[in-house]
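Notes to accompany the following structure.
Please treat every number below as a calculation from the coordinates, not as lab data. Since we're looking at a predicted model, the values are computed, not measured. So basically every Cβ, Gly included, is an ideal-geometry build from the backbone, and we count neighbours across all protein chains shown.
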Amino acid sequence: MDTANLIRMANRIGDFFAAMPEREEALHGIAEHIRKFWEPRMRRELLAAMDADEAGALQDIVREALATHRDAPTA
């Protein structure tokens, strides 16, 4: 899958959860949504892009959510 498309999709999820009053809840919500609804291949590609500094367009809240919750169990 195209990394730019994954970043765009992740940022849309970030836009939704960023409206939550509690930042921790928003971070958890972003990570949980991606963990539950994205297939493992998509998650791996997004994390690999983030690790390689190829995800410059990724919103800060999405980057923080992924970094904070990256070791949580995946489905």
Item to complete: Note the angle between two axes, namely the Cα long axis of helix 40-51 and the longest principal axis of the Cα atoms of the chain, as a number of degrees from 0 to 90, rounded to the nearest 10.
Response: 90
Worksheet entry | ASP51 versus ALA4: modelled label distance in nm, points set 7 Å from Cα along the beta carbon direction | 2.4
Discussion item. From the convex hull of the Cα coordinates of the chain, what is the mean projected area in square nanometres?
Written reply: 4.3
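At 0.36 nm per residue, and after removing the present C-alpha to C-alpha distance, how many nm does the segment from ARG63 to ARG44 gain when stretched out fully? Don't jump to the answer; show the numbers that get you there.
Details: separation 19, 0.36 × 19 = 6.84 nm, distance 1.39 nm.
Difference between extended and current length: 5.5 nm.
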Worksheet item: Calculated from DSSP H runs of 4 or more alone, at -39500 (n - 2.57) each and per residue, what is the 222 nm mean residue ellipticity of the chain, nearest 500?
Response: -22000 deg cm²/dmol
